[in-house]
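K.L.:
Starting off with a structure, shown below.
Any read-out appearing in this document is the output of simple, stated calculations on the displayed coordinates, not a laboratory observation. Bear in mind the structure is a predicted one, so any value in this text is a computation, not a measurement. Here the Cβ positions follow ideal geometry from the backbone for every residue, glycine too, while neighbour counts run over all protein chains shown.
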């Protein structure tokens, strides 16, 4: 029995597809992004052309560079994600938030919690009247 790691072979397959346009060999994803960037830039150029004249056509190039930076190029650090993925990950991150059962918990409410590893047995103590940790978990979960 043989086991092969195909991740290296299949990961880049979509990015390696190419299209021939007027004798130029272009990656398919780049062609689609160029067309979408051009279509996205047209409304801005139509609005700015009466004001700026032919200088407004440089807006197409600026939008194209922005589209390629966002969706095609990868970050130079970390996981080398595409820039839009890195932006979404930053927005979804839970840095400086305390989560209880996946729900953000406001620590300013006055309830103090201590989180300990599950391998250390909890000491047997009497329940204090102000201890509503059990109530917190029953409301959130």
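K.L.:
Counting other C-beta atoms within 10 Å, which of 77, 23, 30 has the fewest, and how do the rest follow?
P.N.:
By the 10 Å Cβ count, ascending, the order reads 23, 77, 30.
K.L.:
Take each of the peptides 92-98, 69-75, average the number of other beta-carbon atoms within 10 Å over its residues, and list them starting from the highest.
P.N.:
Details: 92-98: 8.3, 69-75: 13.9.
So the order, starting with the most tightly packed, is 69-75, 92-98.
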